[in-house]
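**Student:** Let me begin by handing over the structure; questions about it come next.
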Amino acid sequence: MRSIKSHHHSFAVRPGLHLFSFQAPLSTALPTMTKMRAVVYDEPFKVSVQQVDKPELLHPNDVIVRITTSCICGSDLHMYEGRTGAEPGIVFGHENMGIVDQVGEGVQLLKKGDRVVMPFNVACGHCQNCEEGRSAFCTVVNPGFVILFTCDVSRYVAMGPYQGGQAEYVRVPFAEFNALKLPPGKEHEADFALLADIFPTGWHGVELSGFKPGESIAVFGAGPVGLMAAYSATLRGAAEVYVVDHVPERLRKAEEIGCIPINLSKGDPADQIKSRRGGREVDRGVDAVGYQAVTSDGKTEQPNAVLEALIAVVRPTGGLGIPGLYVPKDPGAPDSNSAKYLFEKGLTVGTGQCNVKKYNRYLRDLIVAGKAKPSFVVSHEVALEGAPDAYVKFDKRIEGYTKVLLHP
């Protein structure tokens, strides 16, 4: 998740996103600031609920949303653990939904009282990439990942002047593009909240792999995104879905939706899967773990572990989808070479952040039609004040914490 370095807060976009504000102030008059409650990053492994400045309209295209649900994401844990360049004082939260409370004078398609959900990655809606459905690579608020390797890497998660949404209110820039309208009321609240990130991201991971109905697929990681990838593959007609993890509660969730759980702690996952298939490899694979992958003991980090396992378990000319996050520099992490035999097997690889706007409208309609219910992944719903304790338990993977929704 990305956050501002030079300001007090962040819109809390997930790692991999570079955000810059080109918006002029709505007014030169000094605003009268009011306060609100928000989840603030204090230091590694510590957050607290504090009083912070309530956001105000800064541009005619902005709206202010009163948050009804914000989620704790696995990406938040990278920052929570001090594994990014995030600095103390930022407000967490990139998976946000709520009710439009204020509307900028340039906004025509939204009105006060509209129920909306926002994608985790802010985009302008009118650059070439946005027009082509690649909103994760917006060249206005996210001007190209090439700068990632030419800038100060310590600022990797520190490139956007947008306050996070684990709070009572959030400002949404380019609101007509970023805010997806939802049916009014309170129905499907938990399902709709997952449209901000993990449901589209899981779907995107399957899409990146080149999956076709009737194929087999292995998903590594049974966290929220991994479970959404497995669920998406099931919705899309997979013949077999294998889900690899070492946390029993997560594997049970996978089994509940008809997937085949593979316990990493019981041996090499590629060997386990091939043994179940009479020695045959699967057609597709998804890495929903990323750079904090661990070995079979569930503790020792090995950044290339999942990539190597996927290469071993996916058939020649098959495909890999990698929505899991890989950063160019991870403070204190081991370095390791990866991707042996990727070329030799002729595998197709798709990577990158999810273009949420490409999928969220259609996934919303699947929810409304009763064809999808992604909220099965939600394990806990707590008040905003419960966020510090929820972060501790989610980070430790204890007491069944799989996906947490916060309600201000």
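**Student:** Could you say which residue among 229, 270 is out of contact with any Phe, Trp or Tyr (no Cβ under 9 Å at 6 or more places or on another chain) and of a type in the set (A, V, I, L, M, F, W, C)?
**Tutor:** Numbers: 229 fails: out of contact with any Phe, Trp or Tyr (no Cβ under 9 Å at 6 or more places or on another chain).
When all the criteria are applied, what remains is 270.
**Student:** For the stretch 302-326: of the residues being assigned to a loop (DSSP other than H, G, I, E, B) and not aliphatic (A, V, I, L, M), which is farthest from residue 286 (Cα to Cα)?
**Tutor:** 302
**Student:** While we're here: Would you tally the residues in the stretch 50-98 being part of a strand (DSSP E or B) and open to solvent by less than 20 Å² (accessible area, probe 1.4 Å)?
**Tutor:** Taking the stretch 50-98 first, the residues part of a strand (DSSP E or B) are 50-53, 63-72, 91, 96-98.
Cutting the leftovers down to open to solvent by less than 20 Å² (accessible area, probe 1.4 Å) gives us 52, 63-65, 67, 69-72, 91, 96-98.
Total satisfying the criteria: 13.
**Student:** So, in the stretch 275-294, exactly how many residues are farther than 19 Å from residue 317 by Cα, small (Gly, Ala, Ser) and in a loop (DSSP other than H, G, I, E, B)?
**Tutor:** As a first pass, look at the stretch 275-294 and keep what is farther than 19 Å from residue 317 by Cα: 275-276, 278, 288-294.
Now restrict to residues that are small (Gly, Ala, Ser): 275, 278, 288, 290, 293.
Still in the running and in a loop (DSSP other than H, G, I, E, B): 278, 288, 290, 293.
Number satisfying all stated conditions: 4.
**Student:** Consider residue 258 carefully, then state whether it is modelled with pLDDT of 95 or more, under 25 Å from the mean Cα position of the chain (by Cα), open to solvent by 20 Å² or more (accessible area, probe 1.4 Å) and closer than 18 Å to residue 319 by Cβ.
**Tutor:** Working: modelled with pLDDT of 95 or more: yes; under 25 Å from the mean Cα position of the chain (by Cα): yes; open to solvent by 20 Å² or more (accessible area, probe 1.4 Å): yes; closer than 18 Å to residue 319 by Cβ: no.
So residue 258 does not fit the description; no.
**Student:** Within the stretch 171-194, is even one residue under 17 Å from residue 115 (Cβ atoms), crowded, with 21+ Cβ neighbours inside 10 Å, in contact with a helix residue (DSSP H, G or I) (Cβ under 6 Å, 6 or more places away or on another chain) and β-branched (Val, Ile, Thr)?
**Tutor:** Yes, the stretch 171-194 has at least one match.
**Student:** If you don't mind, there's one more thing I want to ask. Inside the stretch 120-153, can you point out the residues that are open to solvent by 50 Å² or more (accessible area, probe 1.4 Å), at pLDDT 65 or above and of a type outside the set (A, V, I, L, M, F, W, C)? Can you show your working first?
**Tutor:** Residues of the stretch 120-153 that are open to solvent by 50 Å² or more (accessible area, probe 1.4 Å), as a first pass: 126, 128, 131-132, 134, 137, 139, 145-146, 149-150, 152.
Imposing the further condition that a residue be at pLDDT 65 or above reduces the set to 126, 128, 131-132, 134, 137, 139.
Correct list: 126, 128, 131, 132, 134, 139.
**Student:** Suppose we filter the stretch 84-104 for residues that are in contact with a Leu (Cβ under 8 Å, 6 or more places away or on another chain) and charged (D, E, K, R); how many remain?
**Tutor:** Matching residues across the stretch 84-104 total 1.
**Student:** Please note which strands (runs of 3 or more DSSP E) are completely contained in the stretch 344-408 and include at least 2 residues that are open to solvent by 40 Å² or more (accessible area, probe 1.4 Å) and more than 19 Å from residue 98 (Cα to Cα). Show your work before the answer.
**Tutor:** Details: elements: 348-351, 380-383, 404-407.
In the stretch 344-408, 348-351 are the strands (runs of 3 or more DSSP E) which contain 2 or more residues that are open to solvent by 40 Å² or more (accessible area, probe 1.4 Å) and more than 19 Å from residue 98 (Cα to Cα).
The values are calculated or read from the model by the stated rules, or taken from the named source; none is laboratory data. Only a predicted model underlies this, so the values are computations on that prediction, with no experimental measurement involved. With ideal geometry, Cβ positions are generated from the backbone for all residues, glycine too; neighbour counts draw on all protein chains shown. Surface accessibility is based on the protein's heavy atoms, side chains included, excluding ligands, DNA and RNA. Shrake-Rupley method; radii C 1.70, N 1.55, O 1.52, S 1.80 Å.
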